[in-house]
Amino acid sequence: LAEFDAVVPRRAAQLAEGPHDLSAMVMGPFGSDRPLRRVLTMRTLDAWLHELDIRQALGLPDRLDCAAGRITAGHLLSSLTAIWAKAAAAPIGTTLEVRVTGPVIALTLQVTVDEQGRGVEISGADPDLTLTASWPDLLDLMSGRLASDDPAVAERVTLTGETALGTRVLTSLKVVP
């Protein structure tokens, strides 16, 4: 905690100094330049996930209903288009429906692969595969806290439809290094 206590004021000062234009390019993780908005989102995700880890280790309740949690949810859920089209290599025209059952984050979203092979969000389609999970379970999969081959996945995640695609999606969900 001493290291954390030393880093927070230093990073707060750097943030206050700017730049304040969220499109400004700044050094991001691994030394690559990225827009400030993306770097701040990545740092929020990283810090919040570590907070959850610490809370779990100390036996404290998760703090899912907070700004950092909503930012993380938006970031992770926005990656589903790439997961479906690229990582899971879903065929053109196939649709994935993801049902997140809460708590805090509860939604249904659909992604398909367009004619150019890109993942895009859509609505109103008949899904080829439906993945249903609570927000904590989906978060655990996408953050690598639950491995896709863990037997607990069968109890925590429901897949309906094309099972081969379902297996590929599950093995592709981990997006946090």
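The rows are residues; the columns are (1) farther than 23 Å from GLY102 by Cβ; (2) part of a loop (DSSP other than H, G, I, E, B).
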{"position": "PHE4", "(1), (2)": "yes, no"}
{"position": "SER23", "(1), (2)": "yes, yes"}
{"position": "VAL26", "(1), (2)": "yes, no"}
{"position": "PHE30", "(1), (2)": "yes, no"}
{"position": "GLN56", "(1), (2)": "no, no"}
{"position": "GLY59", "(1), (2)": "no, yes"}
{"position": "ARG63", "(1), (2)": "no, yes"}
{"position": "THR72", "(1), (2)": "no, no"}
{"position": "LEU77", "(1), (2)": "no, no"}
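Exactly one residue out of TRP48, TRP84 is assigned by TED's automatic domain parsing to the domain that holds VAL113 and either within 15 Å of the chain's Cα centre (by Cα) or modelled with pLDDT under 95 (or both), and it is TRP84. Annotation note: of THR112, THR108, the sole residue that is over 18 Å from ARG145 (Cα atoms) and crowded, with 18+ Cβ neighbours inside 10 Å is THR112. Do the conditions hold for GLY124, that is, is it over 16 Å from LEU170 (Cβ atoms), without any contact (Cβ under 8 Å) to a residue 24 or more places away in the chain and among the small types (Gly, Ala, Ser)? So GLY124 fits the description; yes. In the stretch 93-177, counting only helices (runs of 4 or more DSSP H) that sit wholly within it, the ones holding 1 or more residues that are closer than 30 Å to PHE30 by Cα and modelled with pLDDT of 95 or more span 135-142, 163-172.
The values are calculated or read from the model by the stated rules, or taken from the named source; none is laboratory data. The structure displayed is predicted, hence computed values, not measured ones. No Cβ is skipped: glycine too gets one built from the backbone with ideal geometry, and neighbour counts run over all protein chains shown.
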